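The values are calculated or read from the model by the stated rules, or taken from the named source; none is laboratory data. Note that the structure is predicted; figures quoted are calculated from it, not measured. Quick reminder, even Gly has a Cβ in these numbers, built from the backbone with ideal geometry, and neighbours come from all protein chains shown. Remember, those area values only see protein heavy atoms, side chains included, never the ligands or the DNA or RNA. Shrake-Rupley method; radii C 1.70, N 1.55, O 1.52, S 1.80 Å.
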Amino acid sequence: MLLCDYAEELGGKLYIMGGGWSRLGTPNQPSNMALAIKLSVPWTQANEPHDLTVRLVNGNGEQQQDPQGNDVQIMGKLEVGRPPGLRPGSTLDVPIAAQFNGLVLEPGIYRWELEVDGVPMGDTTFDVVQLG
């Protein structure tokens, strides 16, 4: 999982702009960010539905909310099939691009958390700081 300015999935590939940062210098102002995620689904879990959750938590581990009081998160289901001719035992790539626009964050530490079927699969941490 990579924090970036913009990410897009197209044709099974991730296209990333402004990737790899961990510090945001615009506290209390609307900010845009994206997550570029690449999951590897084992052969044995293909053709099965999986629950996906990506959420933003603050430094205390509490769910972050937007100004309207909604949790900042995405939830969904994914299911990947085995393409014809794929060698048995191969892993299957699942690229995901998630864009979050207009986030207003106070100075502090934040963490994006990724879960598949309720199991933590990764996270990425960033700081929101007052520059200058």
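Filter region 107-121 down to the residues that are closer than 28 Å to Glu48 by Cα and either among the charged types (D, E, K, R) or at pLDDT below 95 (or both) and list them by number.
Glu113, Glu115, Asp117
Return a yes/no flag: does region 88-110 have any residue that is small (Gly, Ala, Ser) and touching a Pro at 6+ places or on another chain (Cβ under 8 Å).
yes
Looking only at region 41-53, decide whether some residue is in contact with a Ser or Thr (Cβ under 7 Å, 6 or more places away or on another chain) and exposed (fewer than 12 other Cβ atoms within 10 Å of the Cβ). Let's see the steps before the verdict.
Within region 41-53, the first condition is being in contact with a Ser or Thr (Cβ under 7 Å, 6 or more places away or on another chain), and the residues that meet it are 41-43.
Remaining after also requiring exposed (fewer than 12 other Cβ atoms within 10 Å of the Cβ): 42.
Yes: one or more hits.
Which of the residues spanning region 90-128 are surrounded by 14 or more Cβ atoms within 10 Å (Cβ to Cβ) and among the aliphatic types (A, V, I, L, M)?
Within region 90-128, Leu92, Val94, Ile96, Ala97, Ala98, Leu103, Leu105, Leu114, Val116, Met121, Val128 meet the criteria.
If a residue must be surrounded by 13 or more Cβ atoms within 10 Å (Cβ to Cβ) and in contact with a Phe, Trp or Tyr (Cβ under 9 Å, 6 or more places away or on another chain), how many such residues does region 67-89 contain?
Of the residues in region 67-89, 4 are surrounded by 13 or more Cβ atoms within 10 Å (Cβ to Cβ) and in contact with a Phe, Trp or Tyr (Cβ under 9 Å, 6 or more places away or on another chain).
Mind checking which pairs have a first residue in region 68-81 that is under 21 Å from Val119 (Cβ atoms) and a second that is among the acidic types (Asp, Glu) and loosely packed, with under 13 Cβ neighbours inside 10 Å, Cβ under 8 Å, 6 or more apart or different chains?
So the pair list comes out as Glu79/Glu48.
Among the residues of region 6-40 satisfying the criterion of being open to solvent by less than 80 Å² (accessible area, probe 1.4 Å) and charged (D, E, K, R), which is farthest from Val80 (Cα to Cα)?
Selected residue: Glu8.
Starting from region 102-119, keep only residues that are more than 18 Å from Met1 (Cβ to Cβ), then list their pairs with residues that are of a type in the set (Val, Ile, Thr) and part of a loop (DSSP other than H, G, I, E, B) whose Cβ atoms are within a distance under 8 Å, requiring at least 6 positions of separation or different chains.
That search, which allows pairs on different chains as well, returns Pro107/Val129.
If a residue has to be part of a strand (DSSP E or B) and of a type outside the set (Asp, Glu) to count, how many in region 32-74 make the cut?
Taking region 32-74 and keeping what is part of a strand (DSSP E or B), we get 32-41, 50-58, 63, 65, 71, 73-74.
Among the residues that remain, those that are also of a type outside the set (Asp, Glu) are: 32-41, 50, 52-58, 63, 65, 73-74.
Selection size over region 32-74: 22.
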